[in-house]
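Asks: First, the structure itself, so that you have it in front of you.
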Amino acid sequence: MRYPRHMTLELTAKCNFRCPYCYCVWHEYPALAKPELDTAGWRTVLEKCAADGVEDILFTGGEALLRPDLFEILGHARRLLPKASLSLFTNASRLDEALIVRFRRRRVQLATSLQGLATYGGMTGTRRSYRRLLTVIARAAELKWPMSVSMTITKANAHEAADMFAAAALSGAKAIQVGPMMLGGRAMSHSELMLSRDEWESVKARIRALPDARVPYTFCEEFICACRPDTPRQLLDEWGDKNRKPCPAGKSFGVVGPNGLYRTCLHTLIDFCGDCGGIYG
């Protein structure tokens, strides 16, 4: 099995947030995250990435900054793939100026998520405030290493979605992606937070009505992963997009989970990946 051009490496399932909308599949199937690869295991995955001609890698989790060997893994990736695009998604709770500078030196792009203003604590399952996150985003922009920002919209934070967007843009976000909560992972236990399609269209209209902040942005339209054969038909009928484009999962995009097993996409279970197996397929 050959890795696709674009890969996401889920370095750990550990996370210091408890976001109710989290779509990570190991919340449903914990075995997908155990045992977690050690440093040597991720070196092996990266060597396969290099051998297969992978062009870009997103490192994520869980929360990748919880791994003490993170920069050892990133350093190995940069040595093996000097021309590849490397990026890291983090909740930014541990991110500071010194770390931003280290990522910039290694040419690792940064992305984070702003999941609320007044609702930030509830949407992250913490007692934290959004203010520190906006400060970090602003400092990254000042250091000439701006961060991309994602926003997951739920029934709880939909009323402040436009304000969230404005706050990210004014703080110096490099780009913004906005999407509805997807049904999967921990979110399977919080379906009451799912937006209706009419509510989602209203969110998009309010964001589009904002003054132009000169920040590129996109809307992610996926409510549910249609690739999973365990998804009940009634849910596909309610939230599935009949006009969606063919999914690139397993073709141009793939995932290696915390335990080193390859999956065709972020939302797909290992049992449903056809002939994919371990690190080497």
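Asks: Counting Lys and Arg as +1 and Asp and Glu as -1, each charge on the Cβ, what is the dipole of the chain about the Cα centre in debye, to the nearest 20? It would help to have the intermediate numbers written out before the result.
Replies: Details: 38 positive and 29 negative charges, 190 e Å.
Computed about the Cα centre, the dipole is about 920 debye.
Asks: Then there's this: Apply the Karplus parameterisation 6.51 cos²θ - 1.76 cosθ + 1.60, with θ equal to phi minus 60°, to every residue of the range 62-71 and state each ³J(HN,Hα) to the nearest whole Hz, in sequence, with x for glycine and proline.
Replies: Here the 3J(HN,Hα) series is x, 10, 4, 5, 7, 7, x, 9, 4, 6 Hz.
Asks: Next question, about the same structure. Output the pairs from Lys83/Lys174; Lys155/Lys204; Lys14/Lys144 with a Cα-Cα distance over 25 Å in this structure; if there are none, say none.
Replies: Those over the limit are Lys14/Lys144.
Asks: Note down the relative contact order for the range 1-82 as a percent, whole number, built from C-alpha pairs under 8 angstrom at least six residues apart.
Replies: After rounding, I find 52 percent.
Asks: Which FRET efficiency, nearest 0.05, do Arg94 and Ala118 yield, Cβ-Cβ r, R0 30 Å?
Replies: With R0 = 30 Å, the Cβ-Cβ based efficiency is 0.80.
Asks: List, in order, the whole-Hz ³J(HN,Hα) value for each residue of the range 150-164 obtained from phi through the Karplus relation with A = 6.51, B = -1.76, C = 1.60 and θ = phi - 60°; use x for Gly and Pro.
Replies: Each residue's phi maps through the Karplus curve to give 10, 9, 9, 9, 10, 4, 6, 10, 4, 5, 10, 4, 5, 5, 4 Hz.
Asks: Still on this structure: For the range 8-21, just list the computed ³J(HN,Hα) in residue order, Karplus coefficients 6.51, -1.76 and 1.60, θ = phi - 60°, integers in Hz, with x standing in for Gly and Pro.
Replies: Computed from phi, the couplings for the range 8-21 are 10, 10, 8, 5, 7, 8, 5, 8, 8, 10, 10, 5, x, 9 Hz.
Asks: Something else about it: Using the crude model of +1 on Lys and Arg Cβ and -1 on Asp and Glu Cβ, and no other charge, please compute the dipole size for the range 25-100 relative to its Cα centre, in debye to 20. Intermediate results must be reported in sequence, preceding the final value.
Replies: Values: 8 positive and 12 negative charges, 36 e Å.
In debye, rounded to 20, the range 25-100 gives about 180.
Asks: Among Gly121, Phe103, Ala84, whose Cα projects farthest towards the positive end of the dipole of the range 56-125, with charges put on the beta-carbon of Lys, Arg (+1) and Asp, Glu (-1)?
Replies: Going by the Cα projections, it comes out as Ala84.
Asks: Okay, next question. Length gain on complete extension for the stretch Arg197 to Asp69, per 0.36 nm per residue less the alpha carbon to alpha carbon distance? Please report the intermediate quantities before stating the final value.
Replies: Numbers: separation 128, 0.36 × 128 = 46.08 nm, distance 4.19 nm.
Extending this stretch completely gives an extra 41.9 nm.
Asks: If neighbour count is taken as other Cβ atoms inside 10 Å, put Cys22, Cys265, Cys220 in order from fewest to most.
Replies: Cys220, Cys265, Cys22
Asks: I've got another one for you. Based on DSSP, what percent of beta bridges with both residues in the chain are antiparallel, to the nearest 5?
Replies: Values: 2 of 33 bridges.
Once the DSSP bridges in the chain are tallied, antiparallel ones form about 5 percent.
Asks: Grab the other residues whose beta carbon is less than 12 angstrom from that of Glu36, score K and R as +1, D and E as -1, and report the net.
Replies: 0
Asks: Let me ask something else. For the chain, what is the mean residue ellipticity at 222 nm derived from helices alone (per DSSP H run of n ≥ 4: -39500 (n - 2.57); sum divided by total residues; nearest 500 deg cm²/dmol)?
Replies: Helices in the chain give a 222 nm mean residue ellipticity of -8500 deg cm²/dmol.
Asks: Let me ask another. Starting from the amide H of Met147, placed 1.01 Å from N in the peptide plane, find each other amide H under 5 Å away whose residue is 5 or more places distant or on another chain.
Replies: HN-HN under 5 Å from Met147: Ala141, Lys174.
Asks: Next up: So which lysines pass the test for Lys251, namely a Cα distance under 20 Å, with those fewer than 8 places away in the same chain ruled out?
Replies: Reachable lysines: Lys48.
Asks: Now for a different question. Around Asp56, what is the net charge, scoring Lys/Arg as +1 and Asp/Glu as -1 over all other residues with Cβ under 14 Å from its Cβ?
Replies: Summing Lys/Arg as +1 and Asp/Glu as -1 gives +2.
Asks: About its Cα centre, how strong a charge dipole does the range 102-238 have in debye, to the nearest 20, once Lys and Arg get +1 and Asp and Glu get -1 at the Cβ?
Replies: About 1180 debye.
Asks: If I take the Cα coordinates of the range 89-196 and project them onto the principal axes, what are the three extents in Å, biggest first?
Replies: Projected onto its principal axes, the Cα set of the range 89-196 covers 43, 26, 24 Å.
Asks: Determine the sum of side-chain charges near Arg78: Lys and Arg each +1, Asp and Glu each -1, restricted to other residues whose C-beta is under 9 angstrom from that of Arg78. Please report the intermediate quantities before stating the final value.
Replies: Working: positive: Arg79, Arg106, Arg107; negative: none.
Net local charge, Arg78 excluded: +3.
Asks: Name the long-range amide H neighbours of Lys14: under 5 Å, sequence gap of 5 or more, or other chain; modelled H, no Pro or chain starts.
Replies: So Lys14 has HN proximity to Glu63.
Asks: For the range 119-178, what relative contact order do you get, as a whole percent, if you take Cα pairs closer than 8 Å and at least 6 residues apart?
Replies: Result for the range 119-178 is 38 percent.
Asks: Considering amide H positions built from the backbone, and no H for Pro or chain starts, which residues 5 or more places from Ile153, or on another chain, come under 5 Å of its amide H?
Replies: Those lying under 5 Å, H to H, from Ile153 are Gly179, Met181.
Asks: Okay, next question. Can you tell me the relative contact order of the chain? Whole percent, Cα pairs under 8 Å, sequence separation 6 or more.
Replies: Across the chain, relative contact order equals 25 percent.
Bear in mind that the values in this text are calculations on the coordinates, not laboratory data. In this text the structure is predicted, and so the values were computed from the model without any measurement. Glycine also receives a Cβ, built like all others from the backbone with ideal geometry; neighbour counts cover every protein chain displayed.
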